[in-house]
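Notes follow the structure.
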Amino acid sequence: MSRAQGASAVKQPAYSPGDRVRVLKVDAPGHIRTPYYVRGLEGEVERFVGYFRNPEELAYGRYQGEKRALYRVRFLQTQIWPDYTGPRQDTLDVEIYEHWLENARSGA
Amino acid sequence: MSDHHDHHDHDQDHAHPPGYRHPLQPDADDTLTYPRRLEIAVRELLIEKGIFTAEEVRAGIEEMDGRTPENGARVVARAWADPEFKQELLANPGRACESLGYVMDTTTQLAVVENTPQVHNVIVCTLCSCYPRALLGMPPTWYKSLAYRRRTVREPRAVLKEFGLELPDDVTVRVHDSNADLRYLVLPLRPEGTTDMTEAELAGLVTRDCLVGVAVPRKPGSK
């Protein structure tokens, strides 16, 4: 549907809506779009957004690399901020690229 | 007493020694910072090389500045008035807006998040100032402020309360950090008692802040 999706016919996104995922807890240099406040945390894939150029390459003028799958991942606020004072069901959606995600299966 | 300054009216009584002058507020654009210098240099080089003309740059800026939140308000009013359009807007937001004649950004994807009686959505970009500019124009200054970006993900209900929007605990607050390639538009709840209003009148209820999610549309005369 999106013109940003590019050659999505051959690629398959690794995760589907509802999948439990964990954001890598990595301290990488460069132009990183993954906010620190969700690194290492477990959330749920809300949707697969599409394939986009990798901002970590794009920021340095490199346009040739493969496009990366992007997801909207939903986290519970109380999980991100242990002292969150709002209701338990409040959420925060963040866009995360596939290479920043791993399967979350542990009961953490 | 040659200095006229000593004679003008101040709100409060405040005398100055002779010859005193108020410090002047610096002009906002008087600092040629590195990025400004770089922009001017690159732009002038591109014009010299014939890549584009100064007139095209001016027209581009004018076109960008011509985009206002009223565009978003019209999209919302259409969605309220036309259930089929609303369905399309939620499923294919960019295409739906294009069908109303808006020229959308091709490198990002528009996402429309719908407020319901149970869910309230609010948008922030913690990394910078990502905003659906193609539809709403330039973001307000507060949207770019560190305080809004930092606090909206951390304590959204407190931020909304400062904007005058207090939500009960049985309404879920969904914060969307517009941190990558999505640009968000909030589809607010249509206020009650507006069934007789025309689409244009409905659009008049939808302000910029409603489209970002820090306010909700109110029926005229209600509070």
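Please specify each residue of the range B:152-189 satisfying the condition of being of a type outside the set (G, A, S), farther than 30 Å from A:R53 by Cβ and part of a loop (DSSP other than H, G, I, E, B).
Hits for the range B:152-189 are B:E155, B:F163, B:L165, B:E166, B:L167, B:P168, B:D169, B:D170, B:V171, B:P188, B:L189.
Find the strands (runs of 3 or more DSSP E) located wholly in the range A:24-108 whose residues include 1 or more that are free of Cβ contacts under 8 Å to residues at least 60 places away in the same chain and under 12 Å from the mean Cα position of the chain (by Cα), and list them.
On the way: elements: A:42-52, A:68-76, A:91-97, A:101-103.
It comes to A:42-52, A:68-76, A:91-97.
Of the residues A:A28, A:A69, A:A59, which is hydrophobic (A, V, I, L, M, F, W, C) and touching a strand residue (DSSP E or B) at 6+ places or on another chain (Cβ under 7 Å)? Show your work before the answer.
On the way: A:A28 fails: touching a strand residue (DSSP E or B) at 6+ places or on another chain (Cβ under 7 Å); A:A59 fails: touching a strand residue (DSSP E or B) at 6+ places or on another chain (Cβ under 7 Å).
That would be A:A69, the only listed residue that is hydrophobic (A, V, I, L, M, F, W, C) and touching a strand residue (DSSP E or B) at 6+ places or on another chain (Cβ under 7 Å).
Sort out which residues of the range B:140-161 are over 15 Å from the mean Cα position of the chain (by Cα) and exposed (fewer than 12 other Cβ atoms within 10 Å of the Cβ), and write them in order of number. Step through it out loud before you land on a result.
From the range B:140-161, those over 15 Å from the mean Cα position of the chain (by Cα) are B:146-147, B:150-161; that's our starting set.
Within the range B:140-161, B:L146, B:A147 meet the criteria.
Mind checking which helices (runs of 4 or more DSSP H) fall wholly inside the range B:6-115 and carry at least 3 residues that are surrounded by 10 or more Cβ atoms within 10 Å (Cβ to Cβ) and in contact with a strand residue (DSSP E or B) (Cβ under 9 Å, 6 or more places away or on another chain)? Before you say what the answer is, go through the steps one by one.
Working: elements: B:34-48, B:54-65, B:69-81, B:83-91, B:93-99.
Because the criterion is at least 3 residues that are surrounded by 10 or more Cβ atoms within 10 Å (Cβ to Cβ) and in contact with a strand residue (DSSP E or B) (Cβ under 9 Å, 6 or more places away or on another chain), the helices (runs of 4 or more DSSP H) in the range B:6-115 that meet it are B:69-81, B:83-91, B:93-99.
Which of (1) free of Cβ contacts under 8 Å to residues at least 40 places away in the same chain; (2) under 29 Å from A:I32 (Cα atoms); (3) within 14 Å of another protein chain (Cβ to nearest Cβ) is the odd one out, the single condition B:S145 does not satisfy?
(3)
Here is a list: B:D209, B:D177, B:D196. Which entry is within 14 Å of another protein chain (Cβ to nearest Cβ) and of a type in the set (D, E)?
Numbers: B:D209 fails: within 14 Å of another protein chain (Cβ to nearest Cβ); B:D196 fails: within 14 Å of another protein chain (Cβ to nearest Cβ).
From the options B:D209, B:D177, B:D196, the qualifying one is B:D177.
May I ask you to list the residues in the range B:148-167 that are among the charged types (D, E, K, R) and either under 14 Å from B:C128 (Cβ atoms) or within 14 Å of chain A (Cβ to nearest Cβ) (or both)? Can you show your working first?
As a first pass, look at the range B:148-167 and keep what is among the charged types (D, E, K, R): B:149-151, B:154-155, B:157, B:161-162, B:166.
Selection gives B:R149, B:R150, B:R151, B:R154, B:E155, B:R157, B:K161, B:E166.
Pick from the range A:35-69 the residues that are in contact with a Gly (Cβ under 6 Å, 6 or more places away or on another chain) and either crowded, with 18+ Cβ neighbours inside 10 Å or of a type in the set (F, W, Y) (or both): which of them is farthest from B:R150 (Cα to Cα)? Outline the logic, then answer.
Filtering the range A:35-69 down to residues in contact with a Gly (Cβ under 6 Å, 6 or more places away or on another chain) leaves A:51, A:54, A:56-57, A:67.
From the residues that got through so far, the ones that are either crowded, with 18+ Cβ neighbours inside 10 Å or of a type in the set (F, W, Y) (or both) too are A:51, A:54, A:56.
Values: A:Y51: 28, A:N54: 25, A:E56: 23 Å.
It comes out as A:Y51.
Any idea which residue in the range B:95-111 is farthest from the other protein chains (Cβ to nearest Cβ), counting only those that are in contact with a Cys (Cβ under 9 Å, 6 or more places away or on another chain) and either under 25 Å from A:R74 (Cα atoms) or of a type outside the set (A, V, I, L, M) (or both)?
It comes out as B:L110.
Within the range A:87-108, track down each residue that is at the interface with chain B (Cβ under 8 Å from one of its Cβ atoms) and of a type in the set (D, E).
Hits for the range A:87-108 are A:D90, A:D93, A:E95.
Table: residues versus (1) in contact with a His (Cβ under 6 Å, 6 or more places away or on another chain); (2) closer than 30 Å to B:L211 by Cβ; (3) β-branched (V, I, T); (4) assigned by TED's automatic domain parsing to the domain that holds B:L189.
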| position | (1), (2), (3), (4) |
| --- | --- |
| B:I51 | no, no, yes, no |
| B:A54 | no, no, no, no |
| B:A73 | no, yes, no, yes |
| B:A77 | no, yes, no, yes |
| B:W80 | no, yes, no, yes |
| B:F85 | no, yes, no, yes |
| B:L89 | no, yes, no, yes |
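Just to verify a result, which residue in the range A:70-86, among those that are facing chain B (nearest Cβ under 10 Å) and polar (S, T, N, Q), is surrounded by the most Cβ atoms within 10 Å (Cβ to Cβ)?
By that ranking, first place goes to A:Q77.
Just wondering, is there one or more residues in the range B:95-107 that are in contact with a Ser or Thr (Cβ under 7 Å, 6 or more places away or on another chain), on the phi < 0 side of the Ramachandran plot and modelled with pLDDT of 95 or more?
First, the residues of the range B:95-107 that are in contact with a Ser or Thr (Cβ under 7 Å, 6 or more places away or on another chain): none.
The answer is no; no qualifying residue exists.
The values are calculated or read from the model by the stated rules, or taken from the named source; none is laboratory data. None of these values were measured; they are calculated from a predicted model. Cβ atoms come from the backbone with ideal geometry, glycine included; neighbour counts cover every protein chain shown.
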